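Data first, discussion second: the structure below is written as structure tokens.
The values are calculated or read from the model by the stated rules, or taken from the named source; none is laboratory data. The structure presented is a predicted model; accordingly, all values stated were derived computationally and were not measured. Every residue, glycine as well, gets a Cβ built from its backbone with ideal geometry; the counts of neighbours run over all protein chains shown. Accessible surface is based on the protein model in full, side chains and every heavy atom, while ligands, DNA and RNA are left aside. Shrake-Rupley method; radii C 1.70, N 1.55, O 1.52, S 1.80 Å.
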Amino acid sequence: MPLDDMTSEPHAQDMAPHDRDVPDTLRGKKIAASTLRAPPDDLTDAFKFDGWHHDDAPAYQQMLDDPDLWRFMPEEYPAPLSLELAQDLIALSQQAAHHKVRAAYWNDRLVGQVRLQWAKGATPPASGEISYWLGRDYWGKGLSAPMVGVFAYRCFAKFPALQQIEARIHVENMASLRLVHRLGFRKMPQGSQTHDWTRFTLYRGTGLDWSAIPNPRT
């Protein structure tokens, strides 16, 4: 399909059934038109993404108020993470001028968050940085790679100008290092690295390697 066709509004037949009622989110954005390899249908159906809402604050707080979850984040753990701070973070996530922040659902269960951030004033973005976190209850179930992969695919589909997605991974975060390799990210030049962080890039059109991603475990 020509690239120009990706800018048109999606047709119902191009969307998963659960996407048709929510065209304002990252879901339902004519995903089939992307130049990337499409995710398997079972992953497309299993993973949904939606903006955080004020009513999500208690669940958000419960999941994010975990020092081990913050171990490999660039930010310091705000111990303790209060309900008021959770509400403030949700409010910040709703400011869409420079990022898309989405609560991630697996089989209708809230499991974590994914985010694509880009430079302010660069909308639509040509490049962006992806990040994610997964609640403790869902560690070790093989969810991270397909969750990040499906979200990255949908970001490329939503933004035709988006040419690359970067990821910044702590050098001791072995799980995330395996994740980016499985998805087909490439390590950036040495000058882009720092002592504690390694940067990777996924280019539009290089394809996501879905065959390297194991199926999530129930």
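Of the numbered criteria (1) of a type in the set (Asp, Glu); (2) free of Cβ contacts under 8 Å to residues at least 24 places away in the same chain; (3) not in a helix (DSSP H, G or I), the one Asp68 fails is (2).
Contact annotation: residue pairs with Cβ atoms under 7 Å, 6 or more positions apart or on different chains, pairing a residue in region 80-93 that is open to solvent by less than 70 Å² (accessible area, probe 1.4 Å) with a partner that is of a type in the set (Ser, Thr, Tyr), are Ala86/Tyr60; Ile90/Tyr60. If you go through region 35-66 and keep only what is farther than 15 Å from Val111 by Cα, open to solvent by 40 Å² or more (accessible area, probe 1.4 Å) and among the polar types (S, T, N, Q), you end up with just Thr35.
Going residue by residue through region 140-150, is there one that turns out to be in contact with a Cys (Cβ under 8 Å, 6 or more places away or on another chain), in contact (Cβ under 8 Å) with a residue 24 or more places away in the chain, surrounded by fewer than 22 Cβ atoms within 10 Å (Cβ to Cβ) and not basic (Lys, Arg)? There is no residue in region 140-150 that is in contact with a Cys (Cβ under 8 Å, 6 or more places away or on another chain), in contact (Cβ under 8 Å) with a residue 24 or more places away in the chain, surrounded by fewer than 22 Cβ atoms within 10 Å (Cβ to Cβ) and not basic (Lys, Arg). Considered as a group, the residues in region 69-79 that are surrounded by fewer than 17 Cβ atoms within 10 Å (Cβ to Cβ) and not charged (D, E, K, R) include one that is nearest to Met174 (Cα to Cα), and that residue is Met73.
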